[in-house]
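What follows is a set of notes on a single structure, which appears directly below.
The values are calculated or read from the model by the stated rules, or taken from the named source; none is laboratory data. All figures in this text were calculated on a predicted structure; none of them were measured in a lab. Note that we place each Cβ from the backbone using ideal geometry, even for glycine, and neighbour counts take in every protein chain shown. We work out accessible area using only protein heavy atoms, side chains counted, and drop any ligands, DNA or RNA first. Shrake-Rupley method; radii C 1.70, N 1.55, O 1.52, S 1.80 Å.
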Amino acid sequence: MSSVADQLPSANDTYVANFGEKGSLALPPSKKVAIVTCMDARIDPAAALGLPEGSAHIIRNAGGRAADALRSLIISQQLLGTREVLVVHHTDCGMLTFTDAEIRDKLNHPDANHIAFLPFTDLERSVHEDVDYIKRSVLLVPRFKITGWIYDVKTGKVEQVV
Ligand SMILES: [Zn+2]
């Protein structure tokens, strides 16, 4: 089986052929919004949330955890003018399936003890925690609108929980 790197040139040729006017998009997101969401391969945040190129910062990491996204959120707000944050977690998330102790065991290296992998046991609570984290962060702007959502991987439906 060929690797993604092997297939990339032809896939990108197709993309470039359909690039259209996107080269003229401005750097700051036109909707002035930052989305914090999971890296889960089943989610296409731009399509699911109606956010085409140029409209939003989409910050992805394992779980869509706010603490992991802090650096990017600061840059988004302070340098690129975003004024709203949406935290979007999802059903069947891999972060519901392990503990810090388990992944540290697997790595079996002292450096792993300094990393908070930020798994969670309750999906809705994790959204509340991350919205609260963003609201409380002294390096982010508390007056901006901050909401929390859950994406259902079985239906594509997104529902607001905060
Ligand atoms: Zn996930």
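Quick one: if the Förster radius is 25 Å, what FRET efficiency do Ile103 and Lys145 give, using the C-beta to C-beta distance and rounding to 0.05?
Numbers: r = 34 Å, r/R0 = 1.36.
E(calc), rounded to 0.05, equals 0.15.
If you count only protein heavy atoms and use a 1.4 Å probe, how large is the accessible surface of Val141, to the nearest 10 Å²?
Looks like 20 Å² after rounding.
Considering only the other residues whose Cβ falls under 15 Å of the Cβ of Val158, what net charge follows from Lys and Arg at +1 and Asp and Glu at -1? Walk me through the intermediate numbers first.
Working: positive: Arg42, Lys154, Lys157; negative: Asp40, Asp44, Asp92, Glu124, Asp152, Glu159.
Value of the local net charge: -3.
What spacing in nm lies between the two simple spin-label points modelled at Gln160 and Gln78, each 7 Å away from Cα in the Cβ direction?
About 3.0 nm, to one decimal.
Percent of accessible area on region 39-105 owned by carbon and sulfur, 1.4 Å probe? Write down the numbers at each step before the final one.
Details: 1760 of 3210 Å².
Here carbon and sulfur together make up 55 percent of the probe-accessible area.
Work out Dmax and Rg for region 1-137 from the C-alpha atoms and quote the Rg first, both in angstrom.
Rg, Dmax (Cα atoms, Å): 17.6, 49.
Which value, in Å², gives the accessible area per residue of the chain when a 1.4 Å probe is used on the protein heavy atoms?
I get 62 Å² per residue for this part.
So, in nm, how far is label Ala11 from label Ala67 when the simple model puts each one 7 Å beyond its Cα toward the Cβ?
Going by the 7 Å Cα→Cβ label model, 3.2 nm.
Could you grab the relative contact order for region 29-162? Cα pairs under 8 Å, six or more apart, rounded to a whole percent.
Numbers: 228 pairs, mean separation 35.2, N = 134.
After rounding, I find 26 percent.
With a cap of 13 neighbouring Cβ atoms within 10 Å, and only residues DSSP puts in a loop, list the GluC sites (Glu not before Pro) found in region 42-136.
When the GluC sites (Glu not before Pro) of region 42-136 are filtered for loop state and at most 13 Cβ neighbours within 10 Å, Glu53 remain.
Work out the length of the dipole vector of the chain about its Cα centre, built from +1 on the beta-carbon of each Lys and Arg and -1 on the beta-carbon of each Asp and Glu, and round it to the nearest 20 debye. Intermediate results must be reported in sequence, preceding the final value.
Values: 17 positive and 20 negative charges, 136 e Å.
Taking the Cα centre of the chain as origin, the dipole is about 660 debye.
Looking at region 78-162, which trypsin sites (Lys or Arg not before Pro) are DSSP coil and have at most 14 other C-beta atoms within 10 Å of their C-beta?
On the way: sites: Arg83, Arg104, Lys106, Arg125, Lys135, Arg136, Arg143, Lys145, Lys154, Lys157; in loops: Arg83, Arg143, Lys154, Lys157.
Sites meeting the loop and neighbour criteria: Arg143, Lys154, Lys157.
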